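In what follows, a single structure is set out as structure tokens and then discussed.
Readers should treat all values here as calculations from the given coordinates under stated rules, not as data from a laboratory. Remember, it's a predicted structure, so these values are computed and weren't measured experimentally. Counting neighbours? That spans all protein chains shown, and the Cβs are built from the backbone with ideal geometry, glycine included.
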Amino acid sequence: MRLQAICEGHSVSDQARMKVYESDGLTAKKQLPWLVLLPATIEQVQLIMQLCHAHQVPVVARGAGTGLSGGAMPHHEGVLLILARFNRILEVDQVNLLARVEPGVTNLAISDHVRPLGLFYAPDPSSQIACTIGGNVAENSGGVHCLKYGLTVHNVRKLVMISPEGERYELGSEAFDSAGYDLLALMHGSEGMLGIVVEVTVKLLPVPVEVAVLLAAFTDVGQAADAVGQIIDRGLIPAGLEMMDKLAVQAAEAFVHADYPLDAAAILICELDGSSVEIEQQQALLTQVLQTAGAVQVRCAKDAEERRKLWLGRKAAFPAVGRLAPDYYCMDGTIPRRELARVLRSIADFSQTHGLAVANVFHAGDGNLHPLILYDANQPGQLERAEAFGADILRLCIACGGTITGEHGVGVEKINEMCVQFTTEELNVFHGVKAAFDEQGGLNPGKAVPTLQRCAEFGAMHVHRGQEKFPELERF
Amino acid sequence: MAVDSAIQHWQEQIKGALAQGKRLRIRGAGSKDFLGAVGAFDEDITTQSHQGIIDYSPTELVMTVRSGTPLATVKAVLAEQRQFWPCDPPTFGGAGTIGGAIAAGVSGPGRVAYGAVRDLVLGVGVINGAGEALKFGGQVMKNVAGYDVSRLMTGSFGTLGLITDVSFKVLPLPEAEVTVVRSETLEQAHERFLQLSRTPLPCSASAWFEGHSYLRFSGSNAGVEDARQTIGGDVVAAGIWSQIRDQQLDAFAAAKTVWRISVSPGSQAMLTQSSLLEWSGAQRWLLDPGFDPRSALGEGHATLFRAPADDQTQRFQPLSAVVGGIHKRLKHQFDPQGIFNPGRLYQEI
């Protein structure tokens, strides 16, 4: 067959072997593809796209498949285009501080590669040992340092793209901006709906001279949440500012032994970076703010090993919580920081109503929540309850002026909630953007943006932005 | 929820224009009328009276304002809370609105340290070419629900829609700031800028013109003092940065044509011909060069920033065939009848 011949044996078509590709990190959504292809050159990707376009075969692109929203769930009649073999770092430009890499290079591999030169790549999603830079572009990934260093969109200079028709084009450049519309920004977070990324040029930064990591323990979750606003109010922008609640702390401690205080209702992990003099000054101020905010313990890591352990506990929080129950469902809403305390209280109430435990781990500095709902898929009804719990959290995020996804993407998981966050006219604009890049609609069909018909079925009664249609009518 | 009367007013004007086949020039204070091609239009649709801050709570580091709000007002309100909008867009002639700053996407001297206008935009309200009022993005730092239309609007020169309001990220003002000057050649300054970008010193702006290099350091008292001692030079007033940003230097006033060159900082392209070097070397300005710099550029792009009205040279760098095609299709999706700023950015859109 011609498609398989293009990849010279790097393809999978028998059902049993394709099983490993049936889902991404959101394992609740599974689908076998028609064919798995693993090309290794841009020319191969172009040929695949040309053939698929000519025969109207859907194409779903993916990297390592670590995504958490089903954005890379295969299409049953489509090709699953895996870019993991594009794994070379092509060039490091030490004058302009750029690295040109293939899309299947893992996030951490970039920083590991340039660290001997005193440089690093800033966005560091917790899955960084496995997730690929191409996937980071598709989801506009953040990480624990984006409060200071920004998201993927702030750290990518240029993309080489393949269109659905198989044409090669470039977005952005080695300069700081380019002429015309900002299609480089538009491509970030577009979930593989607009084009195939085959090369990424990222910005590198000099490694900070000094780093300090502080841990603050609170006996009240609300106090910890409010401390976040107070830190920023004093003019401090930490490099990282993370929060974990009691259940998450206990799970992480049992897993990695980071010496977290087990009796705390919540902890904040706060990282400062800069020159030694800056750190000294900021650390004193930060300690004072945390104590005033009600922290019962403020501890500064003594050395690199203790810093590593404090972060390891945070980064391993998902797998750690995963040991508490057979399954967990990870949410990703973002809210204005001032709503943190109120939203956490509501999540605790939902936990009671749905009868499922929840651990809260989140990027507090960005207001990006990751509640982990614990359930057992083998117990009848628990998956449905977990999904209903999750939907309640997402609606709460919208009601607070936030969004249903901060960094994990819509994928298939949150597609119904898109109908709540956006109006029909706004969704039509998204469909228009899609059509401008992919007229035939062959790239990742059915993801990220719901059809209006789907919204009509889902949202017969939903209330948009507090405004009901026909508010004068009596209901129920 | 009351619909803003200004939005209704614009929707009526847009619907009238659609019915009568009129083309509209979207305009704030008119401070950037010179920027881009003149384009063809039948009447103005103005945002200048649509002013005011809709939402601002300093601990969120986010401000939401109506598009006609003067940049000067935004700056003043932020300064009261010891905050600022670090992309620092120019206020040519002292004027300029927030909507115009977003639509033009031109960033100031702090761009290298703090990001461009597009980096700080979080959400927009827009009216598209069908007269529909829409909202994209929001007031939160991280948001991947739907395509990033807010950043697409940034720098689109009003060709995709009228911006009604905008939310953007702000930052605390640095505790300390110092600007140092030294006399040196362009080549010496360029090398210094490149070296500095490889260090963690808190450099927040760099520029060279007329035989002098200028560096600004921003951060904590201790960090800025440390940088000043390490780098040396004479301390000067910070006012030089607004002169550079707003093109108030004498050489600019005298020039008939001004080219903006955007390249990688280390590029040699148009280096020795530059009258002003900014952004560690990534932004270069040519005054009356007497030739079209695009032919010799390689990577990057060149904008004819200011030129006599009868100069027929295309203002923005031509696009590749594939990217140009995407532009045309996007324009058609947002503004199917082509009523907004036709020709301002490119002839075809």
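Per-residue mean of foreign Cβ neighbours for B:216-227 is 4 (Cβ atoms of other chains, 10 Å radius).
Taking the convex hull of the alpha carbon atoms in region A:303-424, what volume per residue do you get, in Å³? Per residue, the Cα convex hull of region A:303-424 comes to 120 Å³. Think of it as helices only: each DSSP H run of n ≥ 4 in the protein assembly as shown is worth -39500 (n - 2.57), and spread over all residues that comes to -9000 deg cm²/dmol at 222 nm. Residue B:22 to residue B:54: FRET efficiency via 1/(1 + (r/R0)^6), r the Cβ-Cβ distance, R0 41 Å, to the nearest 0.05? FRET efficiency, residue B:22 to residue B:54: 0.85.
Pick from B:39, B:129, B:298 the residue whose mean-square fluctuation is largest in a GNM of chain B, springs joining Cα atoms under 10 Å. In the Gaussian network model the winner is B:298.
Starting from the Cα gyration tensor of region B:268-349, take the square roots of the eigenvalues, sort them a ≥ b ≥ c, and report rounded, prolate or oblate (rounded when a/c is under 1.5, otherwise prolate if a/b is larger than b/c, else oblate). Here region B:268-349 falls in the prolate category. Percent of C-alpha pairs per 10 Å bin in chain A, short distances first: 4, 19, 29, 26, 16, 5, 0. Charge tally around residue A:350: other residues with Cβ under 12 Å, Lys/Arg +1 each, Asp/Glu -1 each, net +1. Debye-formula intensities of chain B, expressed as log10 I(q)/I(0) at q = 0.10 Å⁻¹, are -0.63 (one equal scatterer per alpha-carbon, no solvent).
Considering only A:53, A:39, A:66, the residue lying farthest towards the positive end of the dipole of region A:15-69 is A:66, judged by Cα position with unit charges set on Cβ. Residues B:34, B:305, A:362, ranked from the fewest to the most other C-beta atoms within 10 Å, line up as B:34, B:305, A:362. Overall size of region B:1-67 from C-alpha positions, given as principal axis extents largest first: 45, 33, 16 Å.
Rg/Rh for region A:238-287 stands at 1.09; both radii use Cα atoms, and Rh follows the Kirkwood definition. Highest mobility in the GNM of chain B, judged by mean-square fluctuation with C-alpha springs under 10 Å and restricted to B:318, B:293, B:200, is found for B:200.
For region A:143-210, the share of alpha carbon pairs falling in successive 5 Å distance bins from zero is 3, 15, 24, 24, 16, 9, 5, 3, 1, 0 percent.
Computed over the alpha carbons of region B:35-143, Rg followed by Dmax gives 14.5, 44 Å. Proximity of backbone amide H atoms, modeled 1.01 Å from N, is registered between residue A:61 and A:81, A:444 at under 5 Å, excluding neighbours fewer than 5 places apart on the same chain.
Over all Cα atoms in region B:194-268, the spread is summed up by Rg and Dmax: 14.4, 44 Å. For region B:246-289, the equivalent ellipsoid derived from the alpha-carbon gyration tensor has semi-axes of 19, 11, 7 Å in decreasing order.
Contact order, relative form, for chain B: 19 percent (alpha carbon pairs under 8 Å, 6 or more residues apart, mean separation divided by residue count).
Working note: Debye formula, equal point scatterers on the alpha-carbon atoms of the protein assembly as shown, no solvent; log10 I(q)/I(0) at q = 0.05, 0.07, 0.11 Å⁻¹ is -0.25, -0.51, -1.37. Residue exposure proxy: A:145, A:55, ordered by other Cβ atoms within 10 angstrom of their Cβ from fewest to most, comes out as A:55, A:145. 3J(HN,Hα) along region B:280-290, derived from phi through the Karplus expression 6.51 cos²θ - 1.76 cosθ + 1.60 where θ = phi - 60°, amounts to 6, x, 7, 10, 10, 10, 10, 10, 6, x, x Hz, with x in place of Gly and Pro. Cross-link pairs exceeding 25 Å between alpha carbons, from the set B:75/B:331; A:203/A:434; A:19/A:447; A:158/B:331; A:434/B:328: B:75/B:331; A:203/A:434. Applying 0.36 nm per residue to the separation of residue A:220 and residue A:309 and subtracting their alpha-carbon distance, the gain on full extension is 29.7 nm.
Which FRET efficiency value, to the nearest 0.05, do you get for residue A:291 and residue B:242 by plugging their Cβ-Cβ distance into 1/(1 + (r/R0)^6) with R0 = 51 Å? E(calc), rounded to 0.05, equals 0.80. Over all orientations, region A:197-266 has a Cα convex hull whose mean projected area works out to 8.0 square nanometres. Amide H to amide H, with H built 1.01 Å from N, residue A:120 comes under 5 Å of A:205, A:207, counting only residues 5 or more places away or on other chains. Computed extension length for residue A:28-residue A:93: 19.2 nm, one decimal, from 0.36 nm per residue of separation with the Cα-Cα distance subtracted. Of the three principal axes defined by the Cα atoms of region A:6-127, the extents in descending order read 46, 33, 21 Å. Backbone phi angles across region A:86-100, fed through the Karplus curve with coefficients 6.51, -1.76 and 1.60 (θ = phi - 60°), yield HN-Hα couplings of 7, 10, 9, 8, 7, 6, 10, 9, 7, 7, 8, 6, 10, 10, 9 Hz in residue order; Gly and Pro are listed as x. Taking 0.36 nm per residue of sequence separation and removing the Cα-Cα distance, the residue A:280/residue A:10 pair yields an extension gain of 91.8 nm. Cys residues of chain A that find no other Cys beta carbon under 4.7 Å: A:7, A:52, A:131, A:146, A:270, A:300, A:330, A:397, A:400. Size of region A:168-290: Rg and Dmax of its alpha carbons, in Å, are 20.1, 56.
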